[in-house]
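Reviewing the structure listed below.
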Amino acid sequence: MATVMAKIAPSMLSSDFANLASEAEKMIKFGADWLHMDIMDGHFVPNLTIGAPVIEGLRKHTKAYLDCHLMVTNPLDYVEPLGNAGASGFTFHVEASKDNWQEIIEKVKAKGMRAGVALKPGTPIEEVYPLVDAKNPVDMVLVMTVEPGFVGQKFMPAMMDKVRALRKKYPALDIEVDGGLGSSTIDAAATAGANCIVAGSSVFGAPEPDQVISLLRKSAVESQQIC
């Protein structure tokens, strides 16, 4: 774990969208490393959220790393628009890319973005191994710790088996977890090997978000020494 850095990524889906630029500025001021942007198409998941125009608008107000999580049926269609909009990371779902993941990775990197792959709770971890072992591999794996598409769900501890398996197999890989992360669940996730922590309600709903971000980072960093 010594070769990976802890990264705290507040989920902007839990922010005040009417004041997205100022919310982003606050999160960076409070110590966030990344801003997690959930992009849903209303098909792969029931909800419909944002797209490239919002990313482009936000990019004009921040230099922060925009960690885009694509919960969409056709991720390839989003590569060029998001790359042009200024997205930093492009994480697509393995369930939506069984036939063209190599092309997606290639085009994501060609647009200057980091490539990531996500998997739902019901998807076996083995399905992402080919994408990490590929000649042109993904840079990150996102293990969903809730069902994608809705905020405020409870953390699924059973998903930590996937994180442990990934960390054992890929010691230097960025491993992200998303869903139900907060003060009561961060230790389980970080000890299992996750170094990129997405947190929404626990950060934006806190009286002092900076303290929550600091706590998440402290746990992630300390747990690296245990792994």
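Output the residues belonging to the stretch 128-145 that are part of a helix (DSSP H, G or I) and open to solvent by less than 70 Å² (accessible area, probe 1.4 Å).
Of everything in the stretch 128-145, those that are part of a helix (DSSP H, G or I) and open to solvent by less than 70 Å² (accessible area, probe 1.4 Å) turn out to be VAL128, TYR129, PRO130, LEU131, VAL132.
Looking only at the stretch 153-171, which residues are open to solvent by 70 Å² or more (accessible area, probe 1.4 Å) and not in a helix (DSSP H, G or I)?
The answer is LYS154, PRO171.
Using beta carbons and a limit of 6 Å, which pairs, at least six apart or on different chains, have the first residue in the stretch 124-142 and farther than 14 Å from ILE175 by Cβ and the second one open to solvent by less than 70 Å² (accessible area, probe 1.4 Å)?
GLU127/VAL94; ASN136/ILE105
Which of the residues that make up the stretch 64-100 are more than 15 Å from MET140 (Cα to Cα), among the polar types (S, T, N, Q) and touching a strand residue (DSSP E or B) at 6+ places or on another chain (Cβ under 7 Å)?
Passing the criteria: only THR73.
Can you tell me which of PRO46, PRO81, PRO75 is in contact (Cβ under 8 Å) with a residue 12 or more places away in the chain and within 21 Å of GLN153 (Cβ to Cβ)?
Working: PRO81 fails: within 21 Å of GLN153 (Cβ to Cβ); PRO75 fails: within 21 Å of GLN153 (Cβ to Cβ).
The conditions single out PRO46.
Which ones in the stretch 87-127 are open to solvent by 10 Å² or more (accessible area, probe 1.4 Å) and in a strand (DSSP E or B)?
ARG114
Being surrounded by fewer than 20 Cβ atoms within 10 Å (Cβ to Cβ), of a type in the set (S, T, N, Q) and modelled with pLDDT of 95 or more: is that true of SER201 here? Walk me through how you get there before you give the answer.
Working: surrounded by fewer than 20 Cβ atoms within 10 Å (Cβ to Cβ): yes; of a type in the set (S, T, N, Q): yes; modelled with pLDDT of 95 or more: no.
So SER201 does not fit the description; no.
Could you look through the stretch 36-47, keep only residues that are farther than 23 Å from ALA110 by Cβ and of a type in the set (A, V, I, L, M), and pick out the one that is surrounded by the fewest Cβ atoms within 10 Å (Cβ to Cβ)?
By that ranking, first place goes to VAL45.
Restricting to the stretch 48-68, count the residues that are open to solvent by less than 20 Å² (accessible area, probe 1.4 Å), closer than 17 Å to LYS26 by Cβ and either assigned to a helix (DSSP H, G or I) or hydroxyl-bearing (Ser, Thr, Tyr) (or both).
1
The values are calculated or read from the model by the stated rules, or taken from the named source; none is laboratory data. Small disclaimer: the values here were computed from a predicted structure and weren't measured. Glycine gets a Cβ as well: all are built from the backbone with ideal geometry, and neighbour counts include every protein chain shown. For the accessible areas, the whole protein counts, side chains as well, though only heavy atoms, and no ligand, DNA or RNA atoms are used. Shrake-Rupley method; radii C 1.70, N 1.55, O 1.52, S 1.80 Å.
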